[in-house]
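Visitor: Handing you a structure now.
Laboratory data are not the source of any read-out in this text; all were calculated from the coordinates shown. Values in this document were obtained by computation on a predicted structure and should not be read as measured data. FYI the Cβ positions are ideal-geometry reconstructions off the backbone, even for glycines, and counts take in every protein chain you see.
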Amino acid sequence: MRKLSLVLFGLVILAAPPVLAQRQNPLDGQPEVRKRLMLRDSRFELAPQVGFAINREFYHSILIGIKAEYHINDWISVGATFDYSPNQMNIKTGLTDNVLGQLPESYDPSTAKQLIPSKSMAQNPMLMLNMLIGAQANITPFFGKMALFSKLFFNYDFYGFVGFGAAMYSDKCGSCTYADSTGATINYANPSKGFKPGITYGAGFHFWFNNWIALNAEIRDTAIPNVNLAGRDINWDPQRAADGTLLPPLVNKNDKQWDHILTVMLGCSFYLPTTVSISK
C-alpha cells in the first residue's frame with residue numbers, strides 16, 4: 001500500500017508541470033488603463049483664439065479667429081482654422097521704421113536719386129497679412145494626467161497637424177503710380193498681394209480644466225510660395241528708359257519667394273457633447 005501511494009504521488013508530480021504551463025496571465029489581452037476618460041473620441045471641438053504672427057519683416061500681425069475640429073477617435077481628428085487681422089491690427093516693425101527713417105519724403109526722377117524711393121513709395125507696397133486659413137489632419141500621440149502639489153489633477157495632450165494653408169495679403173496702394181523722367185506712368189503696386197494658397201503644419205497642446213473645457217495653445221507655420229513682402233526688387237535687375245535714363249529695378253516673378261508665416265495662437269476649446277465616454 002505504501003509503495004502504491006509513492007507511485008501515485010510520483011505520477012501527480014510528473015503531471016503537474018504541463019498543467020501549470022497551461023495557466024494564463026489574467027491580464028493578457030486587457031486594456032493598459034481601465035476606466036480612462038475618452039476626452040476626444042467622437043467629439044466636436046470649437047476654439048475661439050487670438051495670436052500673433054511673430055516673424056514678419058515689415059508688419060506684426062495680431063490675429064483673431066476660430067478653430068473647429070471633429071475627433072474621429074481619441075487620437076485622430078480633422079479640422080479647419082480661420083484667423084483674421086484687419087489693417088489696423090498690422091503694426092509696423094522696427095525694421096520698417098528704420099528703413100523709412102532713411103528715405104526722402106519725395107521722389108526725384110531727374111537724378112540718380114531715382115533708385116531711392118520716397119517714404120510712401122517704399123511703405124505703400126509692403127504687404128500686410130489680413131487672413132490665414134487652414135484645413136488639416138491632426139494626430140494626438142501623447143496624452144495623460146498630471147498632478148499639482150499632489151492635490152490638483154489635470155488632463156493634458158500634445159498634438160501635431162499638417163494640411164492645406166492659405167493667406168490673404170494687402171498693401172496700402174490706392175493709386176501706386178509715378179511718372180519717370182520720360183513722362184511714362186509707372187505702377188509700383190505689389191504684384192503678389194491677394195489670396196495665396198500653400199501648406200500649413202505645426203503642433204500644440206491642451207490643458208484641460210474639466211471634461212469639456214480646455215486651454216489650447218499651438219504654434220503654426222503657414223508656408224506660402226510666390227510672395228514679395230516688400231513689393232520691390234530682390235535680385236537687382238535695374239531697367240533703362242528709351243533715352244538711357246536709369247529706372248528703378250523691375251519687380252517681376254523672379255523677385256518672389258516663400259513666405260513662412262509663423263504664428264502663436266492661444267484659445268479656449270469647448271467640446272461637444274459635454275459628457276465624455278469612459279473606457280472599460
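Visitor: With Cβ to Cβ distances under 15 Å as the rule, what net charge do the other residues near ASN210 carry (K, R +1; D, E -1)?
Guide: Counting the neighbours of ASN210, the net charge comes to +1.
Visitor: Considering the alpha-carbon set of segment 36-275 alone, what are its Rg and its Dmax in angstrom?
Guide: In Å, with Rg to one decimal and Dmax whole: 23.3, 82.
Visitor: Using a cut-off of 13 Å between beta-carbons, work out the net charge of the residues near TYR159 (Lys and Arg +1, Asp and Glu -1, TYR159 not included).
Guide: Here the count lands on -2.
Visitor: Want the number for ALA189 to ILE91: 0.36 nm per residue separation, take away the alpha-carbon distance, what's left?
Guide: The ALA189-ILE91 span can extend by a further 33.3 nm.
Visitor: Can you give me the P(r) profile for segment 163-280? Cα pairs, bins 10 angstrom wide beginning at 0, each as a whole percent.
Guide: Taking every Cα pair in segment 163-280, the percentages come to 11, 26, 22, 16, 11, 7, 4, 1, 0.
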